[in-house]
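**Student:** Let me give you the structure first, and then I'll get to my questions.
None of the figures in this text is laboratory data; all of them are computed from the coordinates on show. Everything quoted here is computed from the prediction, not taken from an experiment. Note that each Cβ is placed from the backbone with ideal geometry, even for glycine, and that neighbours are counted across all protein chains shown.
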Amino acid sequence: MFTVHRSLIASLMLPAMALLSVPVAGEAQQVPRVESFDVLTGPPMENFNMLEGVWDVESHSLLDRLATDRQWVENRMETTYRVLLDGLVVVNDTYGTFNGGDMHGIMIRTYDPDLDEWRFQWMSAGYPHLTEQVRGSFADGVGVFYGSEMNGGRMFRMRFRWKLISEDHAFWEQSYLNPETREWEPNWTLDLRRKG
């Protein structure tokens, strides 16, 4: 007859528990994974020209943007940016998975120099209608763009923010304005790292 010390049992269980806690792409996570956009630092971002090329994308989005339990889902994508008309048009073509399904979408950004304003339009294989999303500009090295989006039968004020971490690392955040608290609540982030 022998006695197993509790600390030994705990040490044997920890590796198994750690394996159970590893997030799986496309599955909901109870713990929010979103980075804090405001604490990220890097060189100033003044336009989208510097994104030209191919990028690996790590996506984290809320399973239900209106739910209070805030379950995050991780997905992987690849996107290719093309800069046209000397930077007046920037198009990116994105393939990957989103919430358990395949996705393919194209974002078209056009710049109006008279207004100093970027306009974003999106179309995907799942929603084949060119739709304007947001408009805005760059200031103090950060891109901030505003629009509206219907979700769950309600119209929400929406914000996109773009920031560079380095020449080969960029970060995007989408938020809704909470109508009760009047605070911006992130519901989707993209962490982009240049391929090659």
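**Student:** Applying a 10 Å radius around every beta-carbon, put 163-169, 71-77 in order of their mean neighbour count, most first.
**Tutor:** Listed from highest to lowest mean packing, they are 71-77, 163-169.
**Student:** Moving on to the next point. Where a ≥ b ≥ c are the square roots of the eigenvalues of the C-alpha gyration tensor, would you call the stretch 105-196 rounded, which needs a/c under 1.5, or, failing that, prolate if a/b is larger than b/c, or oblate?
**Tutor:** Since a/c stays below 1.5, the shape of the stretch 105-196 is classed as rounded.
**Student:** What list of ³J(HN,Hα) couplings, whole Hz, do you get for the stretch 58-68 from phi and the Karplus terms 6.51, -1.76, 1.60, once you set θ to phi - 60° and write x for glycine and proline?
**Tutor:** Result, ordered by residue: 9, 9, 10, 9, 6, 4, 9, 5, 9, 7, 8 Hz.
**Student:** Excluding residue 140 itself, calculate the net charge of residues whose Cβ lies under 13 Å from the Cβ of residue 140, where each Lys or Arg counts +1 and each Asp or Glu counts -1.
**Tutor:** That works out to 0.
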